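Encoded as structure tokens, the structure appears first; notes follow it.
The values are calculated or read from the model by the stated rules, or taken from the named source; none is laboratory data. Just so you know, these numbers come straight off a predicted model, no measurement behind them. When we count neighbours, we look across all protein chains shown, and the Cβ atoms used for this are built from the backbone with ideal geometry, even at glycine.
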């Protein structure tokens, strides 16, 4: 078991945004969170990565309790969060952005070079942009940088929040392919994605969240056939 | 009439006060970049650094040791102030935080009055030696120290913020808190470091110019104001801009004093500020 959430609740002030969430990601799985805007998907990712505190419940990451641990502890444990809106450092160069991706590890130069190479293998365009300020790149390139930066911490589990939002179809395809490639290298993925159809196609399992609670879960392929899901999320 | 040697002499005094303003401005920018806060107590670190060095030297410590210790004292003081007075109210809103830095400024000034009294103190120059004649003007050896210290500090800051992981991480905190936190960068630690650095550099400015000025507990007020003007002209988050503006300010001031009258120097400096703010509100090197 990679990640297990047990009865997780969280609030913003008095508003309960997550209610008794039970979910899990198995090792080597792509798991997708499906739900409307404001359902609590992004919040769930933020609670996992220690940005928003959990009110109650427990997260186990490879058996280790990571509930309400500081983000640096969680990143070091092997969990990396590529947030919604990318949140890259626009004023820093691509290279500096990537360096910060492995901030929690003090790696020798050779290992850093290897990590850089593995990121370039996935996103060759970043190599030619290394000394460019990140803010001057296109949206697609910035998303690639955000994912590349997330990979620099050598995660076992990658949390991806809306990686295709606002991108051209061709770029979306590249990103989806990369996600599948990452899984084949042994990285587990928890994915939040507006493009539910595409997300379900590359996922093994999915959870459907409505107003902060999980209402349905199951194999991605089965959920694609579910009438309710078709109507609400796939527009069929 | 003014002859050429005077023009050179004014240039030297402009460079001297300009370096001082530049250093103070840089210390303000460093704190601002990470905490998004102007620390109005920077003038007090300027004074405390200088007076601490005066005391240590008078106790018989060798100059280099007194120099290092005074920087250390100011750095630790800055870090303590951040931890004990700024961090507990960091979510209280920018207005409260600014008032807090003003309160810190007044408190530190009062503390300096208690420790060093009302009288002025003078530090002996970093190296002995006669003034150097240059093109008919004279250059105090201490001015060379001031300029070298400024250059060394600027190079160190550049290397730190461009080349070291910690420095880059501090910039990342300033730019995108959420992004930085997700990388496991502690924004608390970055703010603490920024204050420590800022206080140390502010103190360094005071120590460097102390042999040329009479330093007393209230001497930090005008340099702080001028440093703040330099930051406003240069652009709040631009280190290069604040250095250029600091040197510009010092030079304009020196030539105004020399060629017109010392009565007009503040008028001209503030007019310059107003012109810049009207035509480029974000400062010469600022963005947006």
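Descriptive notes on the structure:
- Residues of region B:129-179 that are more than 14 Å from chain A (Cβ to nearest Cβ), under 30 Å from residue A:152 (Cα atoms) and buried (at least 17 other Cβ atoms within 10 Å of the Cβ): B:157 alone.
- Of everything listed in (1) assigned to a loop (DSSP other than H, G, I, E, B); (2) closer than 20 Å to residue B:76 by Cβ, the single unmet condition for residue B:105 is (1).
- The lone criterion from (1) modelled with pLDDT of 95 or more; (2) out of contact with any strand residue (DSSP E or B) (no Cβ under 6 Å at 6 or more places or on another chain); (3) within 14 Å of chain B (Cβ to nearest Cβ) left unmet by residue A:66 is number (2).
Per-residue answers, yes or no, for (1) crowded, with 23+ Cβ neighbours inside 10 Å; (2) touching a residue at least 12 places away in the same chain (Cβ under 8 Å):
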| position | (1), (2) |
| --- | --- |
| B:191 | yes, yes |
| B:200 | yes, yes |
| B:214 | no, yes |
| B:221 | no, yes |
| B:267 | no, no |
| B:270 | no, yes |
| B:280 | no, no |
| B:285 | no, yes |
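- Residues (touching a strand residue (DSSP E or B) at 6+ places or on another chain (Cβ under 7 Å) and either more than 15 Å from residue A:159 (Cα to Cα) or facing another protein chain (nearest Cβ under 7 Å) (or both)) located in region A:72-89: A:81, A:83
- Elements of type helices (runs of 4 or more DSSP H) contained in region A:117-230, each with 1 or more residues being over 19 Å from residue B:182 (Cα atoms), touching a residue at least 24 places away in the same chain (Cβ under 8 Å) and in contact with a strand residue (DSSP E or B) (Cβ under 6 Å, 6 or more places away or on another chain): A:169-184, A:196-202, A:220-225
- The set of residues from region A:93-102 being facing chain B (nearest Cβ under 7 Å) and either in a strand (DSSP E or B) or over 27 Å from residue A:193 (Cβ atoms) (or both) comprises A:96, A:99.
- Meets criteria (closer than 27 Å to residue A:232 by Cα and assigned to a helix (DSSP H, G or I)) for residue A:33: no
- Matching option when the condition is farther than 14 Å from residue A:98 by Cα, out of contact with any strand residue (DSSP E or B) (no Cβ under 9 Å at 6 or more places or on another chain) and in contact (Cβ under 8 Å) with a residue 12 or more places away in the chain, among B:169, B:174: B:174
- Every residue from region B:185-210 that is at the interface with chain A (Cβ under 7 Å from one of its Cβ atoms) and modelled with pLDDT of 95 or more: B:185
- The residues listed here are B:80, B:36, B:65; of these, the one that is under 18 Å from residue B:188 (Cα atoms) and at pLDDT 95 or above is B:80.
- Residue B:257 vs. criteria crowded, with 18+ Cβ neighbours inside 10 Å, over 21 Å from residue B:35 (Cβ atoms) and at pLDDT 90 or above: yes
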